[in-house]
Amino acid sequence: HGDFNQKIDYVFKVVLIGDSAVGKSQLLARFARNEFSLDSKATIGVEFQTKTLAIDHKTVKAQIWDTAGQERYRAVTSAYYRGAVGAMLVYDMTKRQSFDHMARWLEELRGHADKNIVIMLIGNKCDLGSLRAVPTEDAQEFAERENLCFMETSALQATNVESAFMTVLKEIYHITS
Ligand code: GDP
Ligand code: MG
């Protein structure tokens, strides 16, 4: 029963992008199933996962797309971005390079996606604070300049994961409804 009879008011497609190994798949696993794995291969091949939730007494189905490893070859296709109304732009706060690549990912995203897409910049792995390579202020500055939301998260500790996805989904809802 359950899902079968549930009336869905909105379906929002949200895409995850960013370099390989920043934690995109684990952020999705944490949000959709409240799971986490230290073995990154565990989730390869997953196309998208859904989570149905309530916003403002409406039933919203979040359809979150994962790259299934294609980002390694920068072969994320336009089909991936098609119809997306939200995007999570993820870097690893312990890997400066993954943050430096955000501008390129953003450019690719803006080249493919709807111009009203809601974008959240995410600095993941904040549980590894002692290995931090990206100051919060650098990311905040970039986010402000590019007009993005910004949060630091930990998929491992479940810090800000729900909050990051819900912020994006609520913003999409406010634009859509
Ligand atoms: P993806 O390639 O961007 O999808 O990255 P994965 O989700 O596969 O994660 C890559 C590696 O980072 C895996 O070993 C994960 O267990 C690990 N990882 C992901 N998120 C976190 C996090 O928040 N904290 C820590 N310490 N490790 C993480
Ligand atoms: Mg992955």
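Go through Val15, Val90, Val11 for me and flag whichever is closer than 21 Å to Ile172 by Cα, of a type outside the set (S, T, N, Q) and either more than 16 Å from ligand 1 (Cβ to nearest atom) or part of a helix (DSSP H, G or I) (or both).
Numbers: Val15 fails: either more than 16 Å from ligand 1 (Cβ to nearest atom) or part of a helix (DSSP H, G or I) (or both); Val90 fails: either more than 16 Å from ligand 1 (Cβ to nearest atom) or part of a helix (DSSP H, G or I) (or both).
Residue meeting the stated conditions: Val11.
Sort through Leu27, Leu106, Leu53, Leu121 and tell me the only one that's closer than 17 Å to Val168 by Cβ and within 13 Å of ligand 2 (Cβ to nearest atom).
Matching residue, one of Leu27, Leu106, Leu53, Leu121: Leu27.
Output the residues belonging to region 69-82 that are of a type outside the set (Val, Ile, Thr) and either surrounded by fewer than 14 Cβ atoms within 10 Å (Cβ to Cβ) or modelled with pLDDT of 95 or more (or both).
Hits for region 69-82 are Gln70, Arg72, Tyr73, Arg74, Ala75, Ser78, Ala79, Arg82.
So if I check each of Asp66, Asp56, Asp39, which one is under 29 Å from Ser130 (Cβ atoms) and surrounded by fewer than 16 Cβ atoms within 10 Å (Cβ to Cβ)?
Details: Asp66 fails: surrounded by fewer than 16 Cβ atoms within 10 Å (Cβ to Cβ); Asp56 fails: under 29 Å from Ser130 (Cβ atoms).
Matching residue, one of Asp66, Asp56, Asp39: Asp39.
What pairs come out if I take residues in region 8-24 that are in contact (Cβ under 8 Å) with a residue 24 or more places away in the chain and pair them with residues that are within 6 Å of ligand 1 (Cβ to nearest atom) and of a type in the set (D, E, K, R) whose C-beta lies under 7 Å away, six or more apart or interchain?
Listed by first residue and then by second, the contacts come to Leu16/Lys24; Gly18/Lys24; Gly23/Lys125.
The values are calculated or read from the model by the stated rules, or taken from the named source; none is laboratory data. Bear in mind that the values here come from a model prediction, so they are computed numbers and not experimental data. Here the Cβ is made from the backbone with ideal geometry for all residues, glycine too, and neighbour counts use every protein chain on show.
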